[in-house]
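Below you'll find the structure, written out as structure tokens, and then a few comments.
The values are calculated or read from the model by the stated rules, or taken from the named source; none is laboratory data. Every value quoted in this text rests on a predicted model; they were computed, and no experiment measured them. Glycine also receives a Cβ, built like all others from the backbone with ideal geometry; neighbour counts cover every protein chain displayed. Each accessible area value is taken on the protein alone, full model and side chains, heavy atoms only, with ligands, DNA and RNA left out. Shrake-Rupley method; radii C 1.70, N 1.55, O 1.52, S 1.80 Å.
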Amino acid sequence: MRVNTIDKQILSIALALVALLTVPILINPEKGTAILKTVLNSITSNFGPLYLWACLGIFGFLIWLAFGKYGKVKLGSGDPEFSTFSWLALIFTAGIGSGIMYWGIIEWAYYYSSPPFGLEPSSVDAASFAPTYGMFHWGFSAWAIYCVPSIPIAYAVYIKKSSSYRLSNACRGIIGDHADGLIGKIIDVCFMFGLIGGIGTSLALGTPLLAEGIHHFTGVEKTLTLNLGIVVALMVFFSICLYFGLKKGLKLLSDWNLYLYVAIAVFIFIFGPTAFIIASFTDSVGVLFQNFFRMSLYTDPVGKSGFSEAWTLFYWGWWFSYAPFTGMFAARISKGRTIKGLILGQLLGGTLGCWLAFSIFGNTGMFFEMTGIVPVVDILQNQGAPAAILATLNALPLGGVVMFLYLLVAAIFLATTVNSAAYTLSDVASKNLQPGEEPARWYRVFWGILLTSISIVLMYGDGLEALQTLSIITALPLVFVMFLMIGSFLKWIRSDYDVIMQEQEKAERAAVYSIPEPGRAKRKRPKKAPVVPKTGFEN
């Protein structure tokens with residue numbers, strides 16, 4: 001069973017934290033959820049502005065880094081392993097999941113009926129901010145949070161020659177050899193804790209949407225039992241995928257899922273309200289750029305509407321929970337790219353991908369509401385978000401087919417996201433793995449079952465409210481880990497910069513000299529081993 005590859009310390013700490021969160025809800029749902037709410041209120045009142053400032057500061061740091069001298073540093077030798085298109089596609093699919101299938105089509109309705117800044121509900125001003133806020137929450141700020149851990153992780157692996165993608169190794173520039181001890185394990189557990197919270201949120205948000213679809217097509221009553229059955233079915237599916245590994249079938253399934261997602265978006269754009277989609281998207285870009293800083297730092301301390309806590313803080317917590325996971329993935333596929341290229345690829349590519357999704361799906365629903373084709377807001381308030389989503393899809397040409405395919409994409413997105421997360425968690429909670437060796441099969445399946453069990457407990461408790469609470473709570477320690485990683489990276493690159501640039505210039509000159517002149521044979525030059533900066537990992 002390869003028990004010797006399990007890091008028992010990390011595993012035991014992670015399981016203890018999971019038990020601390022979920023056991024009170026399992027024993028007494030009302031009291032357990034109330035405890036989580038108490039923790040949430042303490043965090044939002046004391047640390048709420050920290051989330052907002054941290055996100056805005058990270059975005060500013062990345063812009064400075066991309067366009068400063070350090071942006072020219074290349075992460076690893078050789079050419080990139082993937083074409084730019086394939087690389088951006090991988091970045092985008094790693095950063096999104098079933099969440100965009102849920103929120104992309106309905107989020108505007110919440111802002112339209114309960115707008116920020118004290119605006120009148122269902123007013124013209126509310127209609128301007130409604131599609132804009134979705135683009136804000138899934139735009140530059142979100143992708144800045146995703147991007148920032150990928151840089152120190154990639155630097156540690158490709159420049160400092162670390163053999164591990166763990167967060168603790170990316171912090172080694174500050175904590176030194178403590179990365180191999182208790183402090184390093186605590187950092188890795190913080191990552192696992194955050195990812196568990198983020199995945200639990202994704203699972204219990206996507207499940208009611210699938211339940212609504214089953215109810216629509218089969219008439220089966222929507223109950224907690226149906227939700228639990230869906231989660232168990234998904235658990236069986238991705239447990240099988242986890243058992244056979246990542247490369248046997250899952251990659252093909254993920255690729256076709258992306259093609260299907262794009263096909264649905266193109267179909268809606270062509271056969272839906274095309275003119276309204278374009279006009280509303282254009283208006284939203286203007287509103288966003290005009291109000292970016294206000295939206296980034298909005299707390300409403302006098303009005304106390306709770307808008308920031310319910311939405312912006314929830315999203316920033318969700319992104320911080322996922323960020324180390326997406327950062328590890330981005331680092332793995334970004335060898336050979338410059339720091340500037342890595343930053344701009346994620347900020348621009350990821351943002352535009354989400355903007356198009358929100359513009360096509362969300363503005364279609366908004367058009368149906370404005371023209372009276374579908375009373376989306378009324379359905380949302382009386383029947384819930386999943387019913388409003390399906391009513392919007394059903395109003396499209398070939399609505400039944402579009403709805404079925406939409407739900408299929410959401411289910412596969414959900415399964416592949418949990419699969420990847422379970423694989424990553426099992427990898428981080430392992431030790432003594434050889435290069436290219438996968439964690440034990442039963443261990444991968446164990447983490448998949450654990451993630452789904454957490455979502456079941458949360459649904460047994462207080463649903464979405466408990467999930468929002470969990471995301472914000474689990475993200476708090478990761479905010480401080482992010483700053484530790486940034487400090488480590490800056491210490492490293494300031495020390496290594498001159499040597500790195502000398503080696504890059506030598507490599508560029510060698511590449512130029514190796515190009516044969518027309519009609520002449522290519523001149524062979526002896527290869528020289530590159531000079532690598534001192535890493536601190538030699539021992």
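Of note:
- Subset of region 305-318 (residues that are open to solvent by less than 20 Å² (accessible area, probe 1.4 Å) and farther than 19 Å from Thr416 by Cβ): Phe307, Ser308, Thr312, Leu313, Phe314, Tyr315, Trp316, Gly317
- In region 120-160, the residue that is most open to solvent (accessible area, probe 1.4 Å) out of those that are farther than 19 Å from Gln290 by Cβ and charged (D, E, K, R) is Glu120.
- Of residues in region 1-39 being touching a Lys or Arg at 6+ places or on another chain (Cβ under 6 Å) and closer than 16 Å to Phe446 by Cα, the one modelled with the lowest pLDDT: Asp7
- Which numbered condition Thr274 fails, given (1) polar (S, T, N, Q); (2) modelled with pLDDT under 90; (3) within 23 Å of Met403 (Cβ to Cβ): (2)
- Only residues that are open to solvent by 10 Å² or more (accessible area, probe 1.4 Å) and part of a helix (DSSP H, G or I) were counted in region 72-90, giving 7.
- Out of Glu505, Glu465, sole residue that is at pLDDT below 60, surrounded by fewer than 20 Cβ atoms within 10 Å (Cβ to Cβ) and in a helix (DSSP H, G or I): Glu465
- In region 428-441, of all residues being open to solvent by 40 Å² or more (accessible area, probe 1.4 Å) and assigned to a loop (DSSP other than H, G, I, E, B), the one that is modelled with the highest pLDDT corresponds to Lys431.
- Conditions (1) at pLDDT 85 or above; (2) not in a helix (DSSP H, G or I); number of the one not met by Met135: (2)
- If the condition is being farther than 18 Å from Gly134 by Cβ and in a helix (DSSP H, G or I), then region 350-378 contributes Thr371, Asp378.
- Which listed residue, of Leu398, Leu425, Leu407, is hydrophobic (A, V, I, L, M, F, W, C) and either open to solvent by 40 Å² or more (accessible area, probe 1.4 Å) or closer than 20 Å to Pro273 by Cβ (or both): Leu398
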